[in-house]
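The next block holds one structure in the form of structure tokens; read it before the comments.
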Amino acid sequence: MRSSQVKDGVTRATQRSLLKATGLSNEDLKKPLIGVVNSFNEVNPGHVHLREIANEVKLGIASAGGVGMEFPVIALCDGIAMGHSGMRYPLASREIIADSIEAMTEGHQLDALVMITNCDKITPGMLIAAARLNIPSILIAGGPMYAGKFRDTRTDGSRLYEAAGQVSVGAITLEDLDEMEDQASPGCGACGLLGTANSMNCMAEALGMALPWNSTIPAYLAKRKALARRAGETIVELFNKDVKPRDIMTRQAFLNAVAVDMAIGGSSNTILHLLAIAKAAKVDLTLEDFDELSKKSKKLIQMRPGGDMYMEDMYRAGGLQAIIKETAKLDFVDLNVPPVTGKTQWENVKDSVIKDPNVIHTMENAFYNEGGLAILHGNICKEGAVVKQAAVSPEMLTHSGPCKCFDLEEDAVEAILTGKIKPGDVVIVRYEGPKGGPGMREMLTPTAAICGAGLDKTVALITDGRFSGATRGAAIGHVSPEAAEGGEIALLRDGDIIEIDIPKRTLNVKLSDEELAKRKTEWKAPAPKVTDGYLVRYSKLVRSASYGAVVE
């Protein structure tokens, strides 16, 4: 075992002494040392309960003959970071998470890892670390939050962003807003809609790196603790059999996960993260794969924000297992791949049933006859752009209108809330990409303001930034190349006509190549928005969104 480098031999007496100082015995030192990566903190509601999950994981490890050794990792809450300068950090934190896990694991030569996760960048950061380290690993999530209830309507925290727009047009009062915020987020767990947090926990399960039901058992249920204990037992089994992440996260496993992503209508951020995880796993996966597979896929459930269902509904209707089973009907899906259970993925799901066909549809009766995400190309996104097409109003699947350009998210929000954006406009928010942001901020505040102001069926928003999984409407992000690299989005001027055709996968400005080339010669890179700290280093090393915003 790897930890023998730390524990064995006369020259390792100091190391053994230090390990004994943590409470280990000579018998313990004969067992595999298994890192328990706990993203608990008291800031993020998705993570406030993870001490309980960690305790159950360590019980499982001990019962199976291992020694669990817990250490922490950071976990930002995208919702709290949203809409201000703090949103520059969540995507960048993905790399900190992966790097810190690598440092702790390699520095102490741990034999295996259980990674306790729940929210947006934590899950992909952990999967990147697992793929990079390639030692036996498993993820266990903290589970989704239940939906809140405002008067007679189920709700969630993301609706409060739209409520701000409603206040601005007088549709609701400040007293209504206060009551809504008291009810929207009822307790611990990942926000109950299909945002990036729950989307990525679904991806962990679809890839085979988490146990069945990992993504859908609500945070409050006792079954979540039982699953955590089973994850602890399973990691010892994976260690004993020497099953490693790259044995599980093969190209076929990624194709299967993309099929599930399209079936659930997952967050557009899943594309960023799956590309980055695949790179760490040394798997060839490209933006073009997503577009090709989206056209062959079908959407089987209408989750918030593109519908009215919450994670608790998916759980009761058969869980992600029932959806994975349905995707087996697609010709590019092959479930005869090995997940962490030791069985094939097909063996995991073959007995699953759809318990509520009003919630989970079959392939033959799909909500949408393509996947939930689409990749667009055109003269302002030559390397691609991403849209959650299943959350776009039919009226906006094709749209042509004049653009209004903003070089900062806050300026766009101010224009929306003060009535400067009119029906038909296309809002451009640029210099918010991985380098230009830096950190590729999520644009939930402006998109929610558009929806709250009743403009979601007449106004589009295009950005080189990204979107929260809670975003709905004609919101096109990940525009690449980004403005800070001189991408064509930087060349747009107020009044230029933007043409959007999501069914045809195109996004263009109605300008000649000659005019764009002329503007390119006149373009000058603006001064960086951040001049000190981690984000300066990040901005110099991060790649385009079309490559998963990975740090080289």
Legend entry - Environment charge of Lys350, counting only residues whose C-beta is closer than 10 Å and scoring Lys/Arg +1, Asp/Glu -1: 0
Legend entry - Dimensions (Å) - the range 255-400, Cα atoms, principal axes, largest first: 47, 38, 25
Inset, instruction - Based on the mean of other Cβ atoms within 10 Å per residue, sort peptides 296-302, 419-425 so the most packed one is first. - result: 296-302, 419-425
Inset, instruction - Divide by every residue of the chain the summed helix terms, -39500 (n - 2.57) for each DSSP H run of at least 4, and state the resulting mean residue ellipticity at 222 nm, rounded to the nearest 500 deg cm²/dmol. - result: -11000 deg cm²/dmol
Inset, instruction - May I ask for log10 I(q)/I(0) of the chain at q = 0.10 Å⁻¹, from a Debye sum over the Cα atoms as equal point scatterers with solvent left out? - result: -0.77
Legend entry - Sequence ranges 6-13, 158-165, ranked by mean other-Cβ count within 10 angstrom, highest first: 158-165, 6-13
Inset, instruction - Compute the relative contact order of the range 353-479 as a whole-number percentage, counting only Cα pairs closer than 8 Å that sit 6 or more residues apart in sequence. - result: 26
Legend entry - From the C-alpha gyration tensor of the range 44-186, square roots of 5λ in Å: 37, 18, 9
Inset, instruction - May I ask for the net charge around Ile172, where only other residues with Cβ less than 13 Å from the Cβ of Ile172 are counted and Lys, Arg are +1 while Asp, Glu are -1? - result: -4
Legend entry - Kirkwood hydrodynamic radius (C-alpha pairs) into Stokes-Einstein, the range 131-188, 37 °C and 0.692 mPa s, D in µm²/s: 241
Legend entry - Gyration tensor verdict on the range 482-552 (Cα atoms; rounded if a/c is under 1.5, prolate if a/b is larger than b/c, oblate otherwise): oblate
Inset, instruction - Take every DSSP beta bridge with both residues inside the chain and express the antiparallel ones as a percent of the total, to the nearest 5. - result: 40
Inset, instruction - Just report the Cα centroid separation between the range 1-80 and the range 464-537, whole Å. - result: 44
Legend entry - Value of D in µm² per second that Stokes-Einstein yields for the range 279-319, Kirkwood Rh from Cα pairs, at 37 °C (0.692 mPa s): 258
Legend entry - Per DSSP, loop GluC sites (Glu not before Pro) in the range 1-89 with at most 11 further Cβ within 10 Å: Glu27, Glu42
Inset, instruction - For the range 388-406 and the range 108-180, compute the distance between their C-alpha centroids and round to whole Å. - result: 26
Inset, instruction - Based solely on C-alpha atoms, express the radius of gyration and the Dmax of the range 1-105 in angstrom. - result: 17.2, 56
Legend entry - Accessible area per residue, Å², the chain with all protein chains present, probe 1.4 Å: 36
Legend entry - When the range 196-260 is reduced to its Cα atoms, the Kirkwood hydrodynamic radius in Å: 12.7
Legend entry - Along each principal axis, Cα extent of the range 439-480, largest first, Å: 29, 16, 12
Inset, instruction - Report, largest value first, the span of the C-alpha coordinates of the range 160-272 along each principal axis, in whole Å. - result: 61, 31, 17
Legend entry - Under-25-angstrom lysine pairs by C-alpha in the range 118-241, whenever the two are 8 or more apart or on separate chains: 4
Inset, instruction - Just order 274-282, 427-435 by mean Cβ neighbour count inside 10 Å, highest at the front, would you? - result: 427-435, 274-282
Inset, instruction - Quote the relative contact order of the chain in percent (integer), defining contacts as alpha-carbon pairs under 8 Å separated by 6+ residues. - result: 14
Inset, instruction - Mind putting together the pair-distance distribution for the range 341-413? All Cα pairs, 10 Å bins, whole percent per bin, short to long. - result: 13, 26, 29, 18, 13, 2
Legend entry - 3J(HN,Hα) from dihedral phi, the range 32-37, Karplus parametrisation 6.51/-1.76/1.60, rounded to Hz, x for glycine, proline: x, 9, 10, x, 10, 8
Inset, instruction - With a ≥ b ≥ c taken as the square roots of the eigenvalues of the C-alpha gyration tensor of the range 393-475, please select rounded if a/c is under 1.5 and otherwise prolate if a/b is larger than b/c or oblate if it is not? - result: prolate
Inset, instruction - Would you please state the base-10 log of I(q)/I(0) at q = 0.14, 0.21 1/Å for the range 416-552, with intensities from the Debye formula using one equal scatterer on every alpha carbon? - result: -0.68, -1.34
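The values are calculated or read from the model by the stated rules, or taken from the named source; none is laboratory data. Because the structure is a prediction, the values reported are computed rather than measured. We place every Cβ from the backbone using ideal geometry, glycine too, and count neighbours over all the protein chains shown. Side chains are part of the model used for accessible areas, which takes the heavy atoms of the whole protein and leaves out ligands, DNA and RNA. Shrake-Rupley method; radii C 1.70, N 1.55, O 1.52, S 1.80 Å.
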